[in-house]
Amino acid sequence: MNGKQAAGERAVDYIKDGMIVGLGTGSTVFYFLQALAKKVAEGLQVTGVVTSMQTAALAKELNIPLMDLNEATTIDVCIDGADEIFVADGSVYGIKGGGGALLFEKLVAEAAQQRIWIADESKTVTQLGAFGLPVEVVQFGYQQLERALAKRGYNPVLRRSADETPYLTDSGNYILDLQFEPITEPLALATELKHMTGVVEHGLFNQMTEVTIIATATGAVSVA
Ligand code: 5RP
């Protein structure tokens, strides 16, 4: 058992019969999907709405029934991981998109009644920004945006795949990872990035979760 597994498995407690469930992306969600699939095999009826092609493939392999986000008039709960989790004044702020799925993850999270983050304790931070902030951008003329972000001191780095070609999101966009240390004003930064033409979405998930399930390497789980 590791922290990711313990957190992922605990999230299944929130899934009730008949629910439509947003299925996040990443290695912590992997454990949630394994645990959910076990329940489905035992008769639990749920329908998943995926946040990436990677999760779609895994959910299909595990026989978790799926529906398209377009068809989901509501999503009862969305379970997803995070790259950084920061709590201030009772609000939770986070960085997501390490796995490149930030756009679909945000779309599904925004459609969900309840959002639950699952993570090992390494993801909780005292300030945001040590993890590069992913910003999904259109390919056309992206270097203009890269220069504009660099001028603002945000140190953009084009994400690349293992073969060194630019990483492509499920929507065929690029990702610029911004380097900050630290992010002191996540709300203002989110607004600023949203207003830059060519930015499709950014990985700041401000006040977008109701429950966090954090687990230690020994499997001790805390829910907040
Ligand atoms: C993918 C994400 C993931 O939720 C985030 O990167 C955490 O991943 P992991 O559970 O593998 O640590 O935002 O875009």
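All of the numbers you see were taken from the coordinates with simple rules; none came from a lab. Given the structure is predicted, the values throughout are model-derived calculations rather than measurements. Cβ coordinates were reconstructed from backbone atoms using ideal geometry, including for glycine residues, and neighbour counts include every protein chain displayed.
Working note: Cα gyration tensor of the range 37-115, eigenvalues times five, square-rooted, sorted largest first, giving semi-axes of 24, 14, 13 Å. Among Thr74, Thr169, the order by Cβ neighbours within 10 angstrom, fewest to most, reads Thr74, Thr169. Computed over the alpha-carbon atoms, the range 68-195 gives an Rg to Rh ratio of 0.97, Rh here being the Kirkwood radius from the mean inverse distance. Cβ crowding within 10 Å, taken as a proxy for footprinting-reagent exposure, orders Asp80, Asp163 from fewest neighbours to most as Asp163, Asp80.
Here is the tail figure for the range 131-197: Cα pairs spaced more than 17 Å apart come to 40 percent of all pairs.
Among DSSP bridges having both ends in the chain, what percentage is antiparallel? Round to the nearest 5. Around 55 percent antiparallel, to the nearest 5. Loop only per DSSP, at most 16 neighbouring Cβ atoms within 10 Å: give me the chymotrypsin sites (Phe, Trp or Tyr not before Pro) in the range 174-216, ordered by residue number. Here no chymotrypsin sites (Phe, Trp or Tyr not before Pro) fit, given the DSSP loop and packing criteria.
Can you give the percent of C-alpha pairs in the chain whose distance is more than 28 Å? In whole percent, the share of Cα-Cα pairs in the chain beyond 28 Å is 28.
The charge dipole of the chain, taken about its Cα centre with unit charges on the Cβ of Lys, Arg, Asp and Glu (plus for the first two, minus for the last two), comes to roughly 160 debye. Centroid-to-centroid, using Cα positions, the range 97-175 and the range 14-68 are 23 Å apart. Once backbone amide H atoms are built at 1.01 Å from N, Thr212 has Trp117, Ala224 as its partners under 5 Å, excluding neighbours fewer than 5 places away on the same chain.
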